[in-house]
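First comes the structure, then the notes that go with it.
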Amino acid sequence: MAKKILVIDDDPVIVKYIKNILENNGYETCSAGNTHEAFEQIQKEKPDLITLDLEMPEEWGPRFYRKISKTPDLKDIPVIVISGMSGKHAIKKAVAYLAKPFDPDQLLATVTKTIG
């Protein structure tokens with residue numbers, strides 16, 4: 001069974017790009033364009049990993065990350081931050097921080113290292 005990755009970004013072009021990279025390498029994906037939708041997707045899909053943009057409408061990525069990290073059945077899902085915003089310190093427990101534009105090979109290497 002393929003590992004599932006939730007892609008959270010408000011830019012549909014970025015979502016499509018990340019999903020294509022992951023799906024072309026055997027991962028199953030789902031996506032969300034805002035944090036409200038993302039929280040619903042996490043609970044419904046139970047992803048093995050999350051990619052998270054920091055600059056999101058309604059709620060910033062770091063605040064959303066704190067919310068899921070305080071939810072017992074979600075807190076252990078690894079998160080890769082993918083953002084055009086500087087500030088790696090914003091989410092210290094993320095498994096990686098990739099700055100946009102990112103290298104697809106670096107994303108795949110990080111995903112493989114994290115969930116196989």
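Taken together, the values in this text are just the output of simple stated rules run on the coordinates, not laboratory data. As the structure is a prediction and not an experimental result, all values here were calculated from the model. Neighbour counts run over all protein chains shown; Cβ positions are idealised from the backbone, glycine included.
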Item checked: Count of segment 4-50 residues which are part of a helix (DSSP H, G or I) and free of Cβ contacts under 8 Å to residues at least 24 places away in the same chain -> 12
Margin query: What's the number of the only condition in (1) surrounded by 21 or more Cβ atoms within 10 Å (Cβ to Cβ); (2) assigned to a loop (DSSP other than H, G, I, E, B) that residue 59 fails to meet?
Written below: (1)
Margin query: If the requirement is being surrounded by fewer than 14 Cβ atoms within 10 Å (Cβ to Cβ) and of a type in the set (A, V, I, L, M, F, W, C), which of these qualifies: 38, 94, 32, 109?
Written below: 109
Next item on the list: Considering every residue within segment 1-15, establish whether at least one is loosely packed, with under 13 Cβ neighbours inside 10 Å, more than 22 Å from residue 101 (Cβ to Cβ) and touching a Gly at 6+ places or on another chain (Cβ under 8 Å).
Entry: yes
